[in-house]
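Engineer: Please find one structure pasted underneath; my questions will follow.
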Amino acid sequence: MSKPHQYCITPKDLSAHLFEVTLTVAKPDPSGQVFSIAAWVPGSYVIRDLARHVVSIRADADGQEIGLSKIDKSSWQADACDVAITLTAEIYAYDLNVRGAHLDRTHGFFDGACVFPAVVGQENQVCELEIRPPGGTAGSEWRIATSMPVVAAGQYGFGTFAAKDYAELIDHPVEMGNILIGEFEAGGIPHVIAVRGHAHFDMARICHDLSTLCTYQLKLMGAPKNLDRYVFLLYVQQDAYGGLEHRWSSSLSCSRRDLPRRGEPYVSENYRKFLGLCSHEYFHLWHVKRIRPAKFTPYDLRSEVHTGLLWVFEGITSYYDHLVLVRAGLITTSSYLAHIARAITSLTRTRGRFRQTIEASSFDAWTHFYRQDANSSNAIVSYYTKGSLVALALDLTLRKESKGKCTLDDVMREVWSQYGESSEGMPERGLETIAREVSGLELADFFERFVRGTIDLPLHGLLREVGVDLRMRPASNSADKGGKPAAKDKTPPPWLGAALAERAGKSMFRVVHSGSPAEKGGIAPGDLAVALDDLQLNAANLDERLKEHHVGDTVTVSVFRDEHLMKFRVKLAAPPEDTCYLELESDPDAGTETMRSAWLTGN
Ligand SMILES: [Zn+2]
């Protein structure tokens, strides 16, 4: 067997944010070895052209520098050579992002796709990675957290690690610094949470709750054969929320207020959101990391790869992330219903749901969902939000039509058994084929209408089957995201149909909804708010200003557009019933009660 590719990464200059990466290839392509850096990171469907962070690169053979030519935006070719080549690159790392690389005096973090060149044509070769500490005293207290298997390193220490191939090498993000470690077991498998950036939280509680949620998911889906460890890497910031899935780990970021304080007995809204994020990324260890679209098998990281299935992987995962929390007893039923109601509210306010299907949203994620602008809510639909509600509708349809015999859980377990442990990816119509086979139901109409069509989901009737009433009402104010009944004695303001955002002390129209009074009157995204009639208008007083008027009143909205003062006559309309809350039917019949309990407990 030929020698593994030898990678080495060193935090070379903390102040200049530079990692040095070396790569030695024992048997390079004799006609001129090509090296490339990914254009995108698996799990995040936008072109990032990560090679732009390479600030220097050279190749050596036999102790002599050899020629290295840039052949496209992401690739270099070394001169023809029949002895080992060592590539040395300096990589700028100052992108504080779960899918980036970041280095300063406090820590280092990298997603392998950002820092490790691939040896083109030899991607299946075993890789060894040496991770070195920074020079001097800066990193003397630093520890390492990664799910990458250790070859020679102490626990949480610097040393040598290994990966079966290049795809695995870049699937184990690494955090180094003064990290807090929490350890727990789930399903007999050791799990770690490594936290950086914050110390004042209840680690014991987080470990307990994560153990509960991981144990539930392992029971639901069945533990993958090669899941012998799992690491949550968490970076706590002032204001952050995000995650990226990997097969044996996830990298997460959250805000300080999202973590529970010691002794806090309840689940705050922020902590619920944090648990939902962990649950989401953990569910991905099956769904998108081991079960993958055929189009991602293997990943081609040079350019966009289009699939209509992102709604399957992100939508179904978004459905299960909170369903698992309620089933595992980590959140209450009412908290779960409020979460669904907020998703329904968000979708109802998205006029783009009539213009884009979730299959098209998936396909165009690269240029639409990941590149949103002021018109996005009028033109596109989120494959996360609508995808999660299509998953809910599919689950409830299966339960209803099969009289409780078949559920989305059964479909997902079959998806796992067909595509999970094999290297075969899911074909574009794979989910519907399995759903039809497992349930014995004819579901073509469901997929035509709700996945390849833009017809609104029949959630009202489907939720009724499980004893849940879906109610709609107007928004109480511009911060109202739904989930609860309207506050009594509050009349909703008349509808303008535009949202203001505060930026650098100025209030700017951020979104103007299609068909709204604001759009008909002439207001456009980017306009700076000046006044409504004769009174000052800004993001903070918009609701108050509108409440001074009635439905049907015509008002004058003054704005600056490119320094020109413009005045628009706007006829305020009745607020749309676009805000959802869900209520449990108080006295359901026995059949409905059984269906509801089966849905919410998973038993
Ligand atoms: Zn996701």
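The values are calculated or read from the model by the stated rules, or taken from the named source; none is laboratory data. Treat the numbers as computed from the prediction; the structure is a model and nothing was measured. Note that each Cβ is placed from the backbone with ideal geometry, even for glycine, and that neighbours are counted across all protein chains shown.
Engineer: Can you name the residue in region 160-179 that is of a type outside the set (G, A, S) and over 24 Å from the mean Cα position of the chain (by Cα) and is also surrounded by the fewest Cβ atoms within 10 Å (Cβ to Cβ) among such residues?
Structural biologist: Top of the filtered list is N178.
Engineer: Within region 213-236, is even one residue more than 14 Å from A186 (Cβ to Cβ), more than 16 Å from the ligand (Cβ to nearest atom), surrounded by fewer than 20 Cβ atoms within 10 Å (Cβ to Cβ) and free of Cβ contacts under 8 Å to residues at least 24 places away in the same chain?
Structural biologist: Yes, there is a match, as at least one residue in region 213-236 is more than 14 Å from A186 (Cβ to Cβ), more than 16 Å from the ligand (Cβ to nearest atom), surrounded by fewer than 20 Cβ atoms within 10 Å (Cβ to Cβ) and free of Cβ contacts under 8 Å to residues at least 24 places away in the same chain.
Engineer: Quick test for you: out of E428, E437, E448, E442, pick the one residue that is surrounded by fewer than 19 Cβ atoms within 10 Å (Cβ to Cβ), of a type in the set (D, E, K, R) and touching a Gly at 6+ places or on another chain (Cβ under 6 Å).
Structural biologist: Just one listed residue meets the conditions, E428.
Okay, residues lined up against (1) crowded, with 20+ Cβ neighbours inside 10 Å; (2) in contact with a Pro (Cβ under 8 Å, 6 or more places away or on another chain); (3) of a type in the set (A, V, I, L, M, F, W, C); (4) over 30 Å from G425 (Cα atoms):
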site	(1), (2), (3), (4)
Y271	yes, yes, no, yes
Y282	yes, no, no, no
D321	yes, no, no, no
H339	yes, no, no, yes
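Engineer: Which of the residues that make up region 552-595 are at negative phi and charged (D, E, K, R)?
Structural biologist: Within region 552-595, D553, R561, K567, R569, K571, E577, D578, E583, E585, D587, D589, E593 meet the criteria.
Engineer: Kindly list, by first and then second residue, each pair from a residue in region 267-291 that is closer than 19 Å to Y45 by Cα to a residue that is within 11 Å of the ligand (Cβ to nearest atom) and among the hydrophobic types (A, V, I, L, M, F, W, C), limited to pairs with Cβ atoms under 7 Å and residues at least 6 apart or on different chains.
Structural biologist: Hits for this filter: H287/F313; H287/I316; V288/F313.
Engineer: Kindly indicate which of E281, E304 is under 20 Å from A167 (Cα atoms) and within 16 Å of the ligand (Cβ to nearest atom).
Structural biologist: E281
Engineer: For A531, indicate whether it is over 25 Å from G515 (Cβ atoms), outside any loop (DSSP other than H, G, I, E, B) and at pLDDT 95 or above.
Structural biologist: no
Engineer: Take the residues in region 290-301 that are in a loop (DSSP other than H, G, I, E, B), surrounded by fewer than 22 Cβ atoms within 10 Å (Cβ to Cβ) and among the charged types (D, E, K, R), then tell me which one is nearest to the ligand (Cβ to nearest atom).
Structural biologist: R290
Engineer: Within region 304-360, can you find the residues that are charged (D, E, K, R), in contact with a Ser or Thr (Cβ under 9 Å, 6 or more places away or on another chain), part of a helix (DSSP H, G or I) and more than 24 Å from R473 (Cβ to Cβ)?
Structural biologist: Correct list: E314, D321, R327.
Engineer: Of the conditions (1) crowded, with 20+ Cβ neighbours inside 10 Å; (2) touching a His at 6+ places or on another chain (Cβ under 8 Å), L537 satisfies every one except a single condition; which number is it?
Structural biologist: All conditions pass for L537, except number (2).
Engineer: Next question. Is there a residue in region 373-385 that is within 16 Å of the ligand (Cβ to nearest atom) and either part of a helix (DSSP H, G or I) or closer than 30 Å to G187 by Cα (or both)? If you could, list the steps in order and put the result at the bottom.
Structural biologist: Taking region 373-385 and keeping what is within 16 Å of the ligand (Cβ to nearest atom), we get 382-385.
In the following step, the residues that additionally are either part of a helix (DSSP H, G or I) or closer than 30 Å to G187 by Cα (or both) were identified as 384-385.
Yes, there is a match, as at least one residue in region 373-385 is within 16 Å of the ligand (Cβ to nearest atom) and either part of a helix (DSSP H, G or I) or closer than 30 Å to G187 by Cα (or both).
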